[in-house]
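One structure is given here, and the rest of the page talks about it.
The values are calculated or read from the model by the stated rules, or taken from the named source; none is laboratory data. Since we're looking at a predicted model, the values are computed, not measured. Because the Cβ atoms are built from the backbone with ideal geometry, glycine has one as well, and the counts that use them run over all protein chains shown.
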């Protein structure tokens, strides 16, 4: 099964979910992560590594290294190849092609990164 975890910036929630899922599934399933607003008019953050030291530290305590994970923009192509897309972005940050997909499952996970 191919899962994509999606949040707004692919900076925290979706990165954590991807890392935990892949660690726990032990190769039986695969997950990636992306953000709905990684590429914006005011900035392009795609390809940058996550920089929140708290996320990196918490995952390191669990034996998972996310320090080299990069941020990705969610695309329609990602939706096409996924079996399920777990959406943690707020409705106003979720594109209609995703919010209207039968592959999308919505989780209410607050964005703690400000």
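For the stretch 36-53, the candidate set comprises residues that are within 19 Å of residue 77 (Cβ to Cβ) and at pLDDT 75 or above; within that set, the residue that is nearest to the chain's Cα centre (by Cα) is 36. Considered as a group, the residues in the stretch 74-98 that are in a helix (DSSP H, G or I) and modelled with pLDDT under 95 include one that is nearest to residue 36 (Cα to Cα), and that residue is 93.
To keep it simple, each residue is scored yes or no on (1) touching a residue at least 40 places away in the same chain (Cβ under 8 Å); (2) surrounded by 15 or more Cβ atoms within 10 Å (Cβ to Cβ); (3) touching a helix residue (DSSP H, G or I) at 6+ places or on another chain (Cβ under 9 Å).
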residue: 7; (1), (2), (3): yes, yes, yes
residue: 25; (1), (2), (3): no, no, no
residue: 28; (1), (2), (3): no, no, no
residue: 32; (1), (2), (3): yes, yes, yes
residue: 36; (1), (2), (3): yes, yes, yes
residue: 53; (1), (2), (3): no, no, no
residue: 56; (1), (2), (3): no, yes, no
residue: 60; (1), (2), (3): no, no, no
residue: 67; (1), (2), (3): no, no, yes
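So is residue 86 within 20 Å of residue 111 (Cβ to Cβ), surrounded by 20 or more Cβ atoms within 10 Å (Cβ to Cβ) and out of contact with any strand residue (DSSP E or B) (no Cβ under 7 Å at 6 or more places or on another chain) or not?
Taking the combined requirement at face value, the residue does not satisfy it.
All of (1) surrounded by fewer than 18 Cβ atoms within 10 Å (Cβ to Cβ); (2) part of a loop (DSSP other than H, G, I, E, B); (3) at negative phi hold for residue 47 with one exception: (3). Does any residue of the stretch 58-73 turn out to be over 19 Å from residue 48 (Cβ atoms), in contact with a strand residue (DSSP E or B) (Cβ under 7 Å, 6 or more places away or on another chain) and in a loop (DSSP other than H, G, I, E, B)? Looking for residues that are over 19 Å from residue 48 (Cβ atoms), in contact with a strand residue (DSSP E or B) (Cβ under 7 Å, 6 or more places away or on another chain) and in a loop (DSSP other than H, G, I, E, B), one finds none in the stretch 58-73, hence no.
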